[in-house]
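Here the structure comes first, spelled out in structure tokens, and everything after it is commentary.
The values are calculated or read from the model by the stated rules, or taken from the named source; none is laboratory data. Predicted, not measured: the structure shown is a model, and the values here were computed from it. Quick reminder, even Gly has a Cβ in these numbers, built from the backbone with ideal geometry, and neighbours come from all protein chains shown.
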Amino acid sequence: MITKSVIENIYKQFADKHTTPDQLNLQLLFDYAMENHCLYVDDNNLIIESIEEGSPFHSIDLRRVRAILEFDRQIAIVLPGSIVFLNKKDDGVNVHIRMPKRSLMDIIREQICAEPHPEF
């Protein structure tokens, strides 16, 4: 099972890892996800036909992919700010988008903007 802590560990583990397309385990994708997701590579882009064409995850630049990981029921495509999970048994897709952490200044700004200001 892929939990929140597993996802955070994936982001930490691959935060600074820069790979080239030939270093990726693309065979893992084609072995387990080809049949259900109609994958192909076109001009260094991974095209995932099971994702709508208007989605930013339909076509992924392979230079942005940090890793391709296998789980019991899914294959994960790790990107710098998101992870695309492709189901092995069907065409289901889940995407985790990493939200930037709020800094102390962000919290202060939110509080200042939320307070009512007297009108002059």
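Could you tell me whether any residue of the stretch 65-75 is exposed (fewer than 11 other Cβ atoms within 10 Å of the Cβ), in contact with a helix residue (DSSP H, G or I) (Cβ under 9 Å, 6 or more places away or on another chain) and touching a residue at least 24 places away in the same chain (Cβ under 8 Å)? Please lay out each step first, then the result.
First, the residues of the stretch 65-75 that are exposed (fewer than 11 other Cβ atoms within 10 Å of the Cβ): 72.
Going one step further and asking which of them are in contact with a helix residue (DSSP H, G or I) (Cβ under 9 Å, 6 or more places away or on another chain), we end up with none.
No, the stretch 65-75 has no match at all.
In this structure, does PHE14 turn out to be of a type outside the set (Lys, Arg), surrounded by fewer than 17 Cβ atoms within 10 Å (Cβ to Cβ) and in contact (Cβ under 8 Å) with a residue 60 or more places away in the chain? Full working, then the answer.
On the way: of a type outside the set (Lys, Arg): yes; surrounded by fewer than 17 Cβ atoms within 10 Å (Cβ to Cβ): no; in contact (Cβ under 8 Å) with a residue 60 or more places away in the chain: yes.
So PHE14 fails the test.
Checking the stated criteria, ASN25 turns out to be of a type in the set (S, T, N, Q) and in contact (Cβ under 8 Å) with a residue 40 or more places away in the chain.
Looking at HIS37, is it modelled with pLDDT under 95, surrounded by 16 or more Cβ atoms within 10 Å (Cβ to Cβ) and of a type outside the set (Lys, Arg)? Please lay out each step first, then the result.
Working: modelled with pLDDT under 95: yes; surrounded by 16 or more Cβ atoms within 10 Å (Cβ to Cβ): yes; of a type outside the set (Lys, Arg): yes.
Considered against the rule, which asks whether it is modelled with pLDDT under 95, surrounded by 16 or more Cβ atoms within 10 Å (Cβ to Cβ) and of a type outside the set (Lys, Arg), HIS37 comes out as yes.
Here is a check on your reading of the model: is VAL84 of a type in the set (Val, Ile, Thr), surrounded by 13 or more Cβ atoms within 10 Å (Cβ to Cβ) and either more than 20 Å from ILE7 (Cα to Cα) or in contact with a Gly (Cβ under 7 Å, 6 or more places away or on another chain) (or both)? Walk me through it before giving the result.
Working: of a type in the set (Val, Ile, Thr): yes; surrounded by 13 or more Cβ atoms within 10 Å (Cβ to Cβ): yes; either more than 20 Å from ILE7 (Cα to Cα) or in contact with a Gly (Cβ under 7 Å, 6 or more places away or on another chain) (or both): no.
In short, no.
In the stretch 97-108, of all residues being modelled with pLDDT of 80 or more and either of a type in the set (Asp, Glu) or assigned to a helix (DSSP H, G or I) (or both), the one that is farthest from PRO80 (Cα to Cα) corresponds to ILE108.
Listed by first and then second residue, the pairs with beta-carbon distance under 8 Å, at least 6 apart or on different chains, first residue in the stretch 77-91 and without any contact (Cβ under 8 Å) to a residue 24 or more places away in the chain, second surrounded by fewer than 17 Cβ atoms within 10 Å (Cβ to Cβ) and in a strand (DSSP E or B), are GLY81/ILE97.
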